[in-house]
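Enquirer: Could you have a look at this structure, given as structure tokens, before my questions?
The values are calculated or read from the model by the stated rules, or taken from the named source; none is laboratory data. Just so it is clear, the model here is predicted, and its values are computed rather than measured. Ideal geometry is used to build each Cβ from the backbone, glycine not excepted, and the neighbour counts take in all protein chains shown. When the accessible area is computed, the model is the full protein with side chains, heavy atoms only, and any ligands, DNA or RNA have been set aside. Shrake-Rupley method; radii C 1.70, N 1.55, O 1.52, S 1.80 Å.
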Number of protein chains: 2
Amino acid sequence: MKHKYLAAVDIGGTKITVSIVDKKGILVKLYQPSKKKGNNKTIPSQVDSMINLSCKKIGIKKKDITAVGIATAGPFEKKQGNLVLKAVNLCGGLSKGRKNRPKNTWKEIPLERELKKKYKNLQIENDATASAIAEHKFGAGKGEDNFVYVTWSTGIGAGAFVDGKVVKGKNKNSLELGHIFIAKGDQDLEVMVAGPAIAKDYGNNTTPKQVFEKYRKGNKKAKKIIQEAVKNFARGLAASNSILDTKLFILGGSVMNDHDVIMPLVKKEFCKSLASMTKEVKFKLSGLGKHLGDLSGLTIIMPKEWIKQWQKSKPWKKSPEPIKLK
Amino acid sequence: MKHKYLAAVDIGGTKITVSIVDKKGILVKLYQPSKKKGNNKTIPSQVDSMINLSCKKIGIKKKDITAVGIATAGPFEKKQGNLVLKAVNLCGGLSKGRKNRPKNTWKEIPLERELKKKYKNLQIENDATASAIAEHKFGAGKGEDNFVYVTWSTGIGAGAFVDGKVVKGKNKNSLELGHIFIAKGDQDLEVMVAGPAIAKDYGNNTTPKQVFEKYRKGNKKAKKIIQEAVKNFARGLAASNSILDTKLFILGGSVMNDHDVIMPLVKKEFCKSLASMTKEVKFKLSGLGKHLGDLSGLTIIMPKEWIKQWQKSKPWKKSPEPIKLK
């Protein structure tokens, strides 16, 4: 197939981003808060409307979009062969028993079934897996056969290449690293160490970023919280290393903006695991940083010839200012 | 290449087993305690001698052995591209600080380099990975694209297929499941739940098997120990499921002889992890049981035509009595 325009979609708990690209670069980028009211078809409809609007903005027809790539928060289930989204931050109906019951009351989103009706050539991946693919083609994972990309943000997500191939799993949920248990009790890694946990542990409406600032100033409480969080994060990395025998961790996500504090602590803690499996492992920051969201959905549908060209010209570095929709 | 005879080797901490097979079945099987005295070439030499002796027993020449497949306890490191064995139970020199200092004082075994000198066509795999390959071809993993084989024995080991391919990792150490942390503190899964831990927790020189017997008779102490061990084992399975998004666990190893007690407890505990990732997962016992050791080293070198024939005729079921060497 001759590709003309591609649509890349990034679905997160707070916002959805749509970019339209051609062979040479990103033409337009829109974002909008993820809709919380409606029914389980609201999010697929929102994605479709946003693609329509993007096409209008640059004066192209919807049928000129030859492929749509979606990177989304997971996890997935499969129904009649189609991926169904079961992400708590997008399906409020899953969060029974939570204090601040969200407005969106659906329990799953038939994402693939709904969007397949409108887009023939559709690819959906877990966002961290798509990020790993993007890092492999354009970022810190270039040429690497064995690496794990981990995002430390409001959640914990990961994607991996093993033996030269991306790892997907039966329902494309590899690696739901945030949901492993690394300590006694029933709190998983994400509940223990993701951004909100760091903020909550400090209290007083402090942001994670502020806790890191306090750490740098020698605040004892901040020090204890950060050290404990990093220790547990490193245990999560060690678990994925024990399981996948990887060579490199690529770390990204908003919490990793404070990598000056995190990196030395992570490495130290990580090496407490089995020496013969940890000593060769390297750590890098995401090679794509703030562009990772755009490139994730895109890379999974990008034709090979385009990839070669983009590897040379790196057009994401001069992408247009994103337009905010209400 | 036209294969005539294959040698399958199983290297464990207590014994080494060598089988010679032809297209139709297993011709001879020898075993011997793993040598503890000598130098870091002692184990490779022992393997070679055992293959020589096996050839003699059935009156064939060593050069008629067209391939050697080795399944061994890990972990591995790589030196000049060759796998080097760093298994604590085979390299006593690694176990500094242990009370009963073992007699073998080497810290690594240059297994691949030494054996490549004698056997051109040599394949080495982690034993649990080789077991996963054997289960995939001949056992409970037939036709499965996503499954994890786990052995619960004097250690904890695992091997996996993801997206239809066996997972190896950079140094063939996938999955060193025993070395993940699933609880607070610095004890890994293996230290906490492997056979010796169950025995030690009960005390009085009790074997793991006896602790299970006491469990069935309602002994409270045994009940607590087994429940805690199974809980932690299940958390290890849940971690590998979160990371690999698998479909099936195949459980084997000596502790799994007490599967009547273990299986219901494991399933219950496993399902406490993220519902959308656990609810479809199935559990099975090893389809090869006591034959798994023989078939592991063998399957990794077996030509396709033989595999088809063996799948039909299942010749491992009538393998000869193993001969014990001193």
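Enquirer: Using a label point 7 Å beyond Cα on the Cα-Cβ vector, give me the inter-copy distances for A:Glu280 in nanometres, one decimal, shortest first.
Expert: The projected label point of A:Glu280 is separated from its counterparts by 3.4 nm.
Enquirer: Please give the total accessible area that chains A and B bury against each other, computed with a 1.4 Å probe and expressed in Å² to the nearest 100. Before the final figure, lay out the partial values.
Expert: On the way: alone 16400 and 16370 Å², together 28990 Å².
Heavy-atom accessible area buried at this interface is about 3800 Å².
Enquirer: What value, in deg cm²/dmol to 500, does the helix sum -39500 (n - 2.57) over DSSP H runs of n ≥ 4 give at 222 nm once divided by the residues of chain B? Kindly include the intermediate steps, with their values, before the conclusion.
Expert: Values: 11 runs with 116 residues, N = 326.
Mean residue ellipticity, 222 nm, calculated: -10500 deg cm²/dmol.
Enquirer: Taking the radius of gyration and the Kirkwood hydrodynamic radius from Cα positions alone, what is the Rg/Rh ratio for the stretch A:192-318, to two decimal places? Write down the numbers at each step before the final one.
Expert: Values: Rg = 17.4 Å, Rh = 16.6 Å.
Answer for the stretch A:192-318: 1.05.
Enquirer: Translational D (Stokes-Einstein, µm²/s) of chain A at 10 °C and 1.306 mPa s when Rh comes from the Kirkwood sum over C-alpha pairs?
Expert: Details: Rh = 20.4 Å.
It comes out at roughly 78 µm²/s.
Enquirer: While we're on this one: Among B:Ile307, B:Ile250, A:Asn241, whose Cα sits farthest toward the positive end of the charge dipole of the protein assembly as shown (+1 at Cβ of Lys/Arg, -1 at Cβ of Asp/Glu, about the Cα centre)?
Expert: Final value for the positive-end residue is B:Ile307.
Enquirer: Please report the antiparallel percentage of DSSP beta bridges with both residues in the stretch B:104-258, rounded to the nearest 5. Intermediate results must be reported in sequence, preceding the final value.
Expert: On the way: 8 of 13 bridges.
Roughly 60 percent of the beta bridges in the stretch B:104-258 run antiparallel, per DSSP.
Enquirer: Mind checking the dipole of the stretch A:85-236: about its Cα centre, +1 per Lys or Arg Cβ, -1 per Asp or Glu Cβ, Debye to the nearest 20?
Expert: Details: 30 positive and 16 negative charges, 134 e Å.
Around 640 debye, computed over the stretch A:85-236.
Enquirer: For the stretch A:1-147, what value does the Rg/Rh ratio take when both radii are computed over Cα atoms and Rh is the Kirkwood radius, given to two decimals? Spell out each step's value before the answer.
Expert: On the way: Rg = 16.0 Å, Rh = 16.2 Å.
Across the stretch A:1-147, the Cα-based Rg/Rh ratio is 0.99.
Enquirer: Next up: With charges only on Cβ, +1 for K and R and -1 for D and E, what is the dipole size of the protein assembly as shown about its Cα centre, in debye, rounded to 20?
Expert: Here the protein assembly as shown has a charge dipole of around 200 debye.
Enquirer: Taking the square root of 5 times each eigenvalue of the Cα gyration tensor, what semi-axes in Å does the equivalent ellipsoid of the stretch B:142-181 have, largest first? Please report the intermediate quantities before stating the final value.
Expert: On the way: eigenvalues 71, 34, 10 Å².
Semi-axis lengths for the stretch B:142-181 are 19, 13, 7 Å.
Enquirer: Next question, about the same structure. Let me know the charge dipole size of chain B about its Cα centre in debye, to the nearest 20, where only the beta-carbon of Lys, Arg (+1) and Asp, Glu (-1) is charged.
Expert: Values: 63 positive and 29 negative charges, 216 e Å.
Magnitude of the dipole: close to 1040 debye.
Enquirer: Test of understanding: in a Gaussian network model of chain B with alpha carbons linked when under 10 Å, which of B:Gln80, B:Gln227, B:Gln210 would top the mean-square fluctuation ranking?
Expert: Highest fluctuation of the listed residues: B:Gln80.
Enquirer: Hey, what did the stretch A:22-177 get for relative contact order, percent, Cα under 8 Å, at least 6 apart? Walk me through the numbers on the way to the answer.
Expert: Values: 244 pairs, mean separation 31.3, N = 156.
This gives 20 percent for the stretch A:22-177.
Enquirer: Also, I was wondering about something else. Output needed for the stretch A:1-57: three equivalent-ellipsoid semi-axes, defined as square roots of 5 times the C-alpha gyration tensor eigenvalues, in descending order, whole Å. Working shown, then result.
Expert: Numbers: eigenvalues 106, 25, 17 Å².
Rounded to whole Å, the semi-axes are 23, 11, 9.
Enquirer: Turning to a different aspect of this structure: Heads up, I need the accessible area for B:Arg216: 1.4 angstrom probe, whole protein in place, Å², nearest 10.
Expert: Surface accessible to solvent at B:Arg216 totals approximately 110 Å².
Enquirer: May I pose another question? Which residue, chosen from B:Ser49, B:Ala130, B:Asn146, occupies the Cα position most advanced towards the positive end of the dipole of the stretch B:1-151, where the dipole is computed from +1 (Lys, Arg) and -1 (Asp, Glu) charges on Cβ about the Cα centre?
Expert: Sorting the options by dipole projection puts first B:Ser49.
Enquirer: Same structure again: Under a 5 Å amide H to amide H cut-off, with H placed in plane at 1.01 Å, what residues pair with A:Phe283 once short-range neighbours are removed?
Expert: A:Phe249
Enquirer: Given a cut-off of under 8 Å on Cα pairs at least six residues apart, what relative contact order in percent is computed for the stretch B:1-85?
Expert: Numbers: 127 pairs, mean separation 28.7, N = 85.
Relative contact order here is 34 percent.
Enquirer: List the distances, in nm to one decimal, from the label point of A:Asn219 to the label points of the same position in every other copy, shortest first, placing each label point 7 Å from Cα along the Cα-to-Cβ direction.
Expert: 5.3
Enquirer: Separate question: Calculate what fraction, in whole %, of the accessible area of chain B sits on carbon and sulfur atoms when a 1.4 Å probe is rolled over the protein chains.
Expert: Values: 7080 of 14480 Å².
Roughly 49 percent, rounded to a whole number.
Enquirer: Output needed for the stretch A:182-258: three equivalent-ellipsoid semi-axes, defined as square roots of 5 times the C-alpha gyration tensor eigenvalues, in descending order, whole Å. Don't jump to the answer; show the numbers that get you there.
Expert: On the way: eigenvalues 111, 42, 22 Å².
In descending order, the three semi-axes are 24, 15, 11 Å.
Enquirer: Roughly what % of Cα-Cα distances in the stretch B:127-223 sit above 18 Å, to the whole percent?
Expert: Numbers: 2616 of 4656 pairs.
So the pairs more than 18 Å apart make up 56 percent of the total in the stretch B:127-223.
Enquirer: Could you rank the peptides B:65-75, A:36-46 by their average count of other C-beta atoms within 10 Å per residue, with the highest value first? Write down the numbers at each step before the final one.
Expert: Details: B:65-75: 24.5, A:36-46: 16.5.
Ranked by mean Cβ neighbours within 10 Å, highest first: B:65-75, A:36-46.
Enquirer: Inter-copy label distances at A:Lys57, 7 Å along the Cα→beta-carbon direction, one decimal in nm, shortest first?
Expert: Reported distances to equivalent positions: 7.3 nm.
Enquirer: Per residue, how big is the convex hull around the C-alpha atoms of the protein assembly as shown? Give it to me in cubic angstrom, could you? Let's see the in-between values first.
Expert: Values: hull volume 119.2 nm³, N = 652.
Cα-based convex hull of the protein assembly as shown, divided per residue, equals 183 Å³.
Enquirer: Quick one: P(r) of the stretch B:30-114 from all Cα-Cα pairs, 5 Å bins, percents rounded to integers, in order of increasing distance.
Expert: All Cα pairs, binned at 5 Å, distribute as 3, 13, 22, 22, 17, 12, 7, 3, 1, 0 percent.
Enquirer: Also: Using only alpha carbon pairs under 8 Å that are at least six residues apart, calculate the relative contact order of chain A and give it in whole percent.
Expert: Values: 643 pairs, mean separation 70.2, N = 326.
Averaging sequence separation for qualifying contacts and normalising by length gives 22 percent for chain A.
Enquirer: As a test, work out the antiparallel percent of DSSP beta bridges whose residues both lie in the protein assembly as shown, rounded to the nearest 5.
Expert: Counting DSSP beta bridges with both partners in the protein assembly as shown, the antiparallel share is about 55 percent.
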